[in-house]
1. Taking the criterion of being closer than 13 Å to Leu129 by Cα and surrounded by 24 or more Cβ atoms within 10 Å (Cβ to Cβ), would at least one residue in region 195-203 satisfy it?
2. For region 151-184, enumerate the residues that are part of a strand (DSSP E or B) and more than 14 Å from Thr47 (Cα to Cα).
3. Name every residue in region 17-57 that is touching a residue at least 40 places away in the same chain (Cβ under 8 Å), of a type in the set (Ser, Thr, Tyr) and part of a strand (DSSP E or B), in order of residue number.
4. When you look at Val70, is it out of contact with any helix residue (DSSP H, G or I) (no Cβ under 8 Å at 6 or more places or on another chain) and of a type in the set (Val, Ile, Thr), yes or no?
Amino acid sequence: MARGRTRSLLVRKLVDGEGGRSPDHVIVEEPLEIRLDGTRVATTMRTPGHDYELAVGFCHTDGLLAGATVQQVRYCATGSAAATGFNVVTVETGGVAPTPTPRLGTTMSSCGWCGTDEVEAVADRLTPLADRVAFPADVLADVPERVRAAQELFDATGGVHAAAAFDVTGEVRVVREDIGRHNAVDKVVGRLLLDGALPAPDLALFVSGRTSFEIVAKAWAAGFSAVVAVSAPSSLAIDAATRAGIALAGFARPGRLNLYTP
């Protein structure tokens with residue numbers, strides 16, 4: 001387990017009103033400032049770890065790279081990484097990416113962003129998937145169990161979400177955990193981008209919890225053919241998946257799931 005992602009403390013554990021103090025682990029939540037070519041574009045509350053992937057994934061799924069190649073990723077860029085607590089990451093394209101417009105405020109761990117302006121912006125910059133791969137229903141239903149075995153931070157704290165990329169056989173390629181679902185997805189997307197594996201029509205995206213519009217938008221930006229979750233999608237997520245041509249499934253359990261789009 002990566003250092004600094006959990007914190008140990010003594011808590012009072014009660015069973016039927018009785019109990020005593022014993023050790024417990026909680027997940028760490030800290031701000032990460034993301035910069036693109038020196039301009040701050042967002043501050044998100046996240047679980048430390050895989051910060052470069054998170055920053056790159058965010059820039060990609062938000063459309064900030066606009067096809068520009070990531071040349072370098074590093075902590076800070078104006079001084080010591082330690083001085084900023086390893087909480088500032090700069091993604092550099094050599095000035096090739098368009099000058100970004102920063103988000104206002106801080107992106108909280110419970111959600112990424114919302115609002116009609118952002119919804120329309122996503123629809124304007126992305127086109128429906130042309131080469132979607134069909135994922136068998138039984139593969140989608142079984143993926144939560146496959147990913148569960150790799151959720152180390154969840155086992156320790158019970159306080160994080162997971163996202164994963166997997167192929168048509170159900171083989172899990174990348175798993176990432178974070179206090180925020182959107183951050184976990186960006187970490188997966190960032191890893192794939194840095195590996196030169198985007199767009200990813202041969203892969204699907206798994207998320208723990210519910211599927212919001214933002215999760216579908218990130219999957220759309222990455223080119224995933226399908227999205228599957230252990231909980232429900234929102235109406236806007238279904239509309240976005242339909243528009244994108246993404247297969248959307250929810251309430252996935254071994255042997256059963258709900259399919260919301262073809």
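Read-outs throughout are calculated quantities, based only on the coordinates presented, and are distinct from any laboratory measurement. Since the structure is predicted, the reported quantities are computational estimates derived from the model, not experimental observations. No Cβ is skipped: glycine too gets one built from the backbone with ideal geometry, and neighbour counts run over all protein chains shown.
1. Yes, region 195-203 has at least one match.
2. The answer is Ala164, Ala165, Phe166, Asp167, Val172, Arg173, Val174, Val175.
3. Thr39, Thr43, Thr44
4. Taking the combined requirement at face value, the residue does not satisfy it.
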